[in-house]
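Only one structure is covered here, and it is reproduced in the block below.
Bear in mind these aren't lab numbers, they're just calculated from the coordinates by the rules spelled out. What you see is a predicted model, and the numbers here were worked out from it, not measured in a lab.
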Amino acid sequence: MDVQVIGSSQLGDERKLAESLQMGTLELAGVTPIVLANWEKKLEIFGLPYFFNSFKGQYAVEYGTIGKEAAEGLRKSASIRILLTSQALTVNSYYQTH
């Protein structure tokens, strides 16, 4: 396997990366859910500020029914497959309670 890492937005912004994934000219990219929500509306939940009250709650949604349905919807509508999720990619979509 040959992996080339190209950083600093040299291939475009996140929307361009997602479109490149869709067209097959790019094989892997880190794209925030709010950008992918252009193709799958269920992903909009991850762009809502402070919607989740814990990482555990966010994880439960990502890997639960909603997350699975959103991932499948994105695969069907845009031919983009979610390989992993990262709380770092959902900035401000959670807040930590003590």
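The figures follow:
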read-out: Cα-based helix-to-principal-axis angle, 14-23 vs the chain, degrees rounded to 10; value: 60 degrees
read-out: Length gained when the stretch Thr65-Leu83 is fully extended (0.36 nm per residue, less Cα-Cα span); value: 4.9 nm
read-out: P(r) histogram, all alpha-carbon pairs of the chain included - 5 Å bins from 0, percent; value: 2, 13, 23, 24, 16, 13, 7, 2, 0
